[in-house]
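Quick notes on the structure that follows.
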Amino acid sequence: MAGTKHKTPLLDDLKEGKWPSFVKELERAAQKSPRTDDLIGLLEKSYRDHIPHWKHGGMAGVKGYGAGIVGRFSDSPEDFPGTQEYHTARINQIEGFFYTSDVLRKLADICDEHAGGLFNFHGSTGDIQILGFKQKEAEELFQKCAQLGFDLGGSGSALRTPSCCVGPARCEWANYDTLHVTDNLTREFQNEMHRPTFNYKFKIKCAGCPNDCIASGARSDLSIVGVWKDNIRIDQDQVAEYAKKFDIKKYVVDKCPTHCMDYTDDKLTIDDSNCVKCMHCINSMPKALRPGLQKGAQIRIGAKVPMVQGPRLGFILVPFYDINKDKEEDYTFLKDLIQKIWDFWDEYGTSRERIGELIQRVGVGNFLEAIELEPLPEMVEHPRANPFIKFEEYLVADEEEESKEG
Amino acid sequence: MPDVDKGTVRITDIGPPNYENFLPPIIKKNYGKWLYHEILKPGVMVHVSETKDKLYTVRVGSTRIVSSDFVRDISNLADKYCNGYLRFTTRNNLEFLLDKEENIEPLIKEVQALGFPVGGMDHSLGNIVHTQGWLHCHTSASDASGVVKALMDEFYDYFVGDKLPAKVRMAFACCLNMCGSVGASDIAIVGMHRRPPTVMADRVKDLCEIPSTIAACPVDAVRPKTINGKPSVEIDEDRCVFCGNCYTVCPALPIADPLNDGLAIFVGGKVANARTKPTFSKLAVPWLPNNPPRWPEVIEAVRTILEAYKDGARRGERVSEWIERIGWPKFFKITGFEFTKYHIDDFRLGEATMNYSNYARL
Ligand code: HEM
Ligand code: SF4
Ligand code: SF4
Ligand code: SF4
Ligand code: SF4
């Protein structure tokens, strides 16, 4: 395989080694795409200079959408003309990241014909990214994808492409249909994704259980995580099988965070009223233990990365709700809740303020009132220790009232 | 909302393709009916359904940034072994889904012949989720794919094996924007700037909205200032924490700097709820130099952490649990990383991280 026309001694080193080489992938794409060849040259320049060679921002997009295409212009178009414009399209992934070879080949053809023959499978939000096209090609690229059934994803101050774990498609622990709800919300909120009108980005991610394989609790403003309410189902025969393989007391029972398990006389018991559904025991003995039958979801809110006021994890907003029943009602509860959150954010949020930061600024209690949710002890690690309570009312003695009036 | 343009119907707002059309038949049939799974060997697992059907998964590491021909290669494999279906994971792995056990080994052979590793399950080092880096982003303090490649070459055996005390999730972000939200990983590597942005005073007025630039700073280091008769801003060097957020809103405040950009390493984060609560990763090493193409300083630091963890953690303990058990002082002692002023949080609520007790393992 021929390499690149540029001299790339530093990148060449990254063609060696056991792990697959992204440099080889770049070179493969460059075989067909001179502009990707220039991308390699530009990257080598960064490896030499220890500095990125991209300009800040720059406009790119398609008509009627304010999101989904991220403009990228290099700062060295004289030396690497192909990188003058080398934009990214975020293509809304298929839920659960399932594909057929047929659709992948067609995407590959579109990517060769209208872009630099380069993809990210996937971006960290979850979109497929097609890299390396110019503004004048954007519309045709978009429409070719659309004819294949793919729309653009979110970017900028918009709803970002929702995404989910593999859920019931291939996981026995899914407490609700993560693919279905993600697909449903994405369709419902097309306008919010494509036409940015928010203060800042908003992310929704759906995980089927507290293992949270999609990292929703650490990076999505709204994290929907499947849980169950009733008892963990135990198959004692299978417990006995595991007992032959490892020390159940040491590796399972003693590690339960709420000490609600017991293993005596070869029998495993769980005080389910104290189980916090952490998944540890189930993860350890998948053949013996299964989540309960009363399945639902928990909602956490406010996770985000450091910008601007520091990183946050999501806290519990709704400890449990029957999302499987809500599914039959087209997720009315969930959509109403999301709408209330957005209304509040729209009214009180400032520019580039994520919902978690707004909640921090106005106080969780006020936020709960505004979105009409009751404060619950599940929401906090513990009640406040400091006595600086902002009481909202006080009693007034009758004479005082009179004297005021008098 | 189709929109008619030059006689052809322009397609918009259609959302994603319907996932149901892309599920392999065995998954459609057993959707929501899976009973349990078992890991058969590193990178290979079987899911067993109520219907007794068995689905085999072969997990394959990829580079995330891939060529169209790579996409064709994997499509060919999917045709040959998986009735034309395949999926990706949230960590940029591929998963081949097989309904015939006898296809596992031939598939693995072909995958390996193409140079791709099978693994990333159970007590392994997962594929490193990462960002754009110098390859495609203007705020990057480092390259993403390059550091990841250098690391995965070095720690390859941990991906294809299962010899770690528990799973290790590593992630990389090339600046504090942290595309990919890496901050809750067992090991998080983050591109760091170390010098305040340069104010291109003449250009601020034309390129930036001054009030929003000021508002973008988390520590109020950006202030309005008239320079050469033009409205501009100044940056208070004593306050700046080099986050780059002002640059994100104002192109006239570039922050990349070849001498001072580098990488920090954070450890002990997790997102799963198992045994302990989700938590962010904490600072281990504040700054290491950019040393492409192999970033040896970063590799050494990660090796130090992985080896200390491998030696010290009990079976099943994630990095966070191991450090929690032995205590941070011992973590610094074992690894030899210097504990400095920078390790003590002085940002908002940082005080909450002090040790308000007499607990110390002396
Ligand atoms: C032009 C500069 C930037 C580039 C090229 C860039 C690139 C990307 C890409 C490609 C993704 C994955 C998107 C997807 O899958 O749809 C992403 C996600 C993300 N970006 Fe950026 N980004 C930029 C600026 C920013 C800024 C300014 C922030 C600031 C806060 C940011 C924060 C994030 C986060 C947190 C994610 C991950 C979200 C998730 O995992 O759900 N990015 N970025
Ligand atoms: S989050 Fe839970 S349900 Fe979803 S894939 Fe992971 S383990 Fe399965
Ligand atoms: S799920 Fe977690 S809290 Fe519940 S019994 Fe199992 S280990 Fe204990
Ligand atoms: S983490 Fe920073 S440098 Fe890296 S892609 Fe995101 S915005 Fe760009
Ligand atoms: S880099 Fe961050 S801290 Fe420094 S001036 Fe800009 S916004 Fe403020």
Note down the relative contact order for the range A:233-290 as a percent, whole number, built from C-alpha pairs under 8 angstrom at least six residues apart. 44 percent
Under 10 Å from the Cβ of A:F97, count the other residues' Cβ atoms, weight Lys and Arg +1, Asp and Glu -1, and hand me the total. -1
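Rounded to the nearest whole Å², what accessible area per residue is found for the range B:201-249 with the 1.4 Å probe? Working shown, then result.
On the way: 2630 Å² over 49 residues.
Ligands and nucleic acids excluded, the figure is 54 Å² per residue.
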For the range A:258-339, what class follows from the C-alpha gyration tensor (a ≥ b ≥ c being the square roots of its eigenvalues): rounded when a/c is under 1.5, otherwise prolate if a/b is larger than b/c, else oblate? oblate
1.4 Å probe, heavy atoms, protein only - residues of the range B:331-358 losing at least 10 Å² accessible area vs chain alone: B:F347, B:R348, B:L349
For each pair in A:K15/B:K310; A:K295/A:K325; A:K203/B:K28; B:K33/B:K54; B:K310/B:K333, compute the distance between the two Cα atoms and list the pairs where it is over 18 Å. A:K15/B:K310; A:K203/B:K28
Among the lysines, which have Cα under 24 Å from the Cα of B:K225 when same-chain residues fewer than 8 positions away are ignored? B:K205
Which number do you get for Rg(Cα) / (2.2 N^0.38 Å) in the protein assembly as shown? 0.95
Under the rule a/c < 1.5 gives rounded, and otherwise a/b versus b/c splits prolate from oblate, where does the range B:1-79 land using the Cα gyration tensor? oblate
Under Stokes-Einstein, chain A at 37 °C and 0.692 mPa s, with its Kirkwood radius over C-alpha pairs, diffuses with a coefficient in µm²/s of 133 µm²/s
How many square angstrom of accessible surface are buried between A and B, both sides summed, with a 1.4 Å probe and rounding to 100? 10300 Å²
What are the equivalent ellipsoid semi-axes of chain B, built from the alpha-carbon gyration tensor (square roots of five times its eigenvalues), in whole angstrom, biggest first? 41, 31, 19
Residues from the range A:269-286 losing no less than 20 square angstrom of accessible surface in the full protein assembly compared with the chain alone, 1.4 angstrom probe, ligands and nucleic acids excluded, are A:C278, A:H280, A:P286
Using unit Cβ charges (K, R positive; D, E negative) and no other charged atoms, how large, in debye to the nearest 20, is the dipole of chain A about its Cα centre? 2100 debye
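Scale the Cα Rg of the range B:201-249 by the rule-of-thumb value 2.2 N^0.38 Å and send over the ratio, two decimals.
Ratio of Cα Rg to 2.2 N^0.38 Å: 1.05.
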Kindly list the residues of the range B:117-159 that lie in the label zone of A:K18, defined by a backbone N under 18 Å from the point 7 Å along the Cα-to-C-beta vector. B:117-128, B:148-159
What's the FRET efficiency of A:Y348 with B:K80 using the Cβ-Cβ distance as r and R₀ = 60 Å, to the nearest 0.05? 0.60
Round to a whole number: what % of the accessible area of the range A:9-155 belongs to carbon and sulfur, probe 1.4 Å? 50 percent
Too-long pairs where the Cα-Cα distance tops 32 Å, listed order kept, from A:K249/B:K41; A:K32/A:K201; A:K7/A:K304; A:K55/B:K149: A:K32/A:K201; A:K7/A:K304
On average, how many beta carbons from a partner chain sit within 10 Å of the beta carbon of a residue in A:204-215? 4
Inter-part distance where the range B:275-314 and the range B:17-62 are each reduced to a Cα centre, Å: 33 Å
Charges only on Cβ, +1 for Lys and Arg, -1 for Asp and Glu: so what's the dipole of the range A:233-290 about the Cα centre, in debye to the nearest 20? 260 debye
Using R₀ = 22 Å, calculate the FRET efficiency as 1/(1 + (r/R₀)^6) where r is the Cβ-Cβ separation of B:K100 and A:R233; round to 0.05. 0.15
Just how large is the dipole of the range A:9-155 about the Cα centre, in debye to the nearest 20, putting +1 at every Lys and Arg Cβ and -1 at every Asp and Glu Cβ? 200 debye
Please identify, among B:I11, B:I323, B:I265, the residue showing maximal mean-square fluctuation in a Gaussian network model of chain B using a 10 angstrom Cα cutoff. B:I11
Solvent-accessible ranking of B:V285, A:V380, largest area first, probe 1.4 Å: A:V380, B:V285
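Starting from the Cα gyration tensor of the range A:9-155, take the square roots of the eigenvalues, sort them a ≥ b ≥ c, and report rounded, prolate or oblate (rounded when a/c is under 1.5, otherwise prolate if a/b is larger than b/c, else oblate).
Taking the square roots of the gyration eigenvalues as a ≥ b ≥ c, the range A:9-155 is oblate.
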Å² per residue, accessible surface of the range A:9-155 at 1.4 Å: 30 Å²
Across the range A:157-312, what fraction of all alpha-carbon pairs, as a whole percent, falls in each successive 5 Å bin from zero upward? 2, 9, 16, 17, 15, 13, 10, 7, 5, 3, 2, 0, 0
Roughly to the nearest percent, how much of the accessible area of the range B:201-249 is carbon and sulfur, given a 1.4 Å probe? 47 percent
Out of the total accessible area of the range A:233-290 (probe 1.4 Å, heavy atoms of protein only), what percent is carbon and sulfur? 47 percent
Quick one: go through the range B:188-215 and flag any residue whose amide nitrogen is under 16 Å from the point 7 Å out along the Cα-to-Cβ line of B:N228. B:198-208
So, relative contact order of chain B in percent, Cα under 8 Å, 6 or more apart, is 12 percent
For the range A:65-128 and the range A:186-251, what is the separation of their Cα centres, given in Å? 29 Å
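The values are calculated or read from the model by the stated rules, or taken from the named source; none is laboratory data. For clarity, every value in this text was computed on a predicted model and none was experimentally measured. Don't worry about glycine lacking a Cβ; one is built from the backbone with ideal geometry, like all the others, and counts go over all protein chains shown. Please note that ligands, DNA and RNA were not included when accessible areas were found on the heavy atoms of the full protein model with its side chains. Shrake-Rupley method; radii C 1.70, N 1.55, O 1.52, S 1.80 Å.
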